[in-house]
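Peer 1: Below are the structure tokens for one structure; questions will follow.
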Amino acid sequence: MTHARLLPVLALALVLSGCDRSAPTAPPPPATAAPAPMPIRLALSGDGLIAVMADTGATQPLPFLRPKGQTLVTMTRAELTRGKESVNRECGAGPLTFVEWPDGLSLMFQDDRFVGWTADERGAGSLTFMNGVGIGSSRAELVAAFPGTRVEETTLGVEFTLPGDGRTGGLLNGRDQAAKVTDLWAGVTCMFR
């Protein structure tokens, strides 16, 4: 063989020796996503709110005076959106920060502490106490679930106060037994009477 014919054969041998003939490597496994947080439902309470784990039914109280940051972390998990924040400096209790969600639930904060909540008829069927009574319930259901509830006509309308410390109440859209709960509140609120 002449050198001229040997050079292409050597060149081909060098190229082939540089090729990787090992088995193809498998693609890396997909990154494992962090487990999704457990879904939370909220229940109303005269002492704050109650977080209810949707899959187990386990509860965690969110009491009044809880730090704002901790409360809002739980709320974001429950409401799945961030609430709209505003401040009212004209409240009788002093300046309050409000955080409101589209379902009609608003939380009040003072000095970075959770101090009160309100709920309105946009939350019908979803904003309830643990016993199932809440926005959209009838007066008859309300009084049966909370014996001793006081109902009276006030400058706000047909107002009721649940038994206890007098800080949990709401409004009905009428006086008869079929009247519906349209608004609820507990703790420090900003109502102008």
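The numbers here are math on the coordinates, done by the rules we state, and not lab data. Being a predicted model, the structure only gives us computed values, none of them experimental. Glycine gets a Cβ as well: all are built from the backbone with ideal geometry, and neighbour counts include every protein chain shown.
Peer 1: Tally Lys and Arg at +1 and Asp and Glu at -1 over the other residues with C-beta under 14 Å from the C-beta of residue 75: what net charge comes out? The partial results should precede the final answer.
Peer 2: Working: positive: 41, 66, 68, 77, 82, 84; negative: 79, 85, 100, 103.
Neighbour charge sum, excluding residue 75 itself: +2.
Peer 1: Okay, next question. Where Lys and Arg each count +1 and Asp and Glu each count -1, what net charge lies around residue 158 among other residues with Cβ under 9 Å from its Cβ? Before the final figure, lay out each step's value.
Peer 2: Details: positive: 139, 175; negative: 152, 153, 159.
The answer is -1.
Peer 1: Tell me the net charge near residue 65. Cut-off is 12 Å between Cβ atoms, residue 65 excluded, with +1 for each Lys or Arg and -1 for each Asp or Glu.
Peer 2: Result for the neighbourhood of residue 65: 0.
Peer 1: Non-local amide H neighbours of residue 129 (under 5 Å, H modeled in plane, Pro and chain starts lacking H): which ones?
Peer 2: Long-range HN contacts for residue 129: 44, 134.
Peer 1: Could I ask something else about it? For segment 40-85 and segment 128-193, what is the centre-to-centre distance using only Cα atoms, to the nearest Å?
Peer 2: 21
Peer 1: Related question: Calculate, for residue 60 and residue 177, the FRET efficiency according to 1/(1 + (r/R0)^6) with r their C-beta to C-beta distance and R0 35 Å; round to the nearest 0.05. Intermediate results must be reported in sequence, preceding the final value.
Peer 2: Details: r = 35 Å, r/R0 = 1.00.
Calculated value: 0.50.
Peer 1: Sticking with this structure for a sec: So between residue 90 and residue 192, what do we pick up on full extension, going 0.36 nm a residue minus the alpha carbon distance? Before the final figure, lay out the partial values.
Peer 2: On the way: separation 102, 0.36 × 102 = 36.72 nm, distance 0.97 nm.
Taking 0.36 nm per residue and subtracting the Cα distance, the gain is 35.7 nm.
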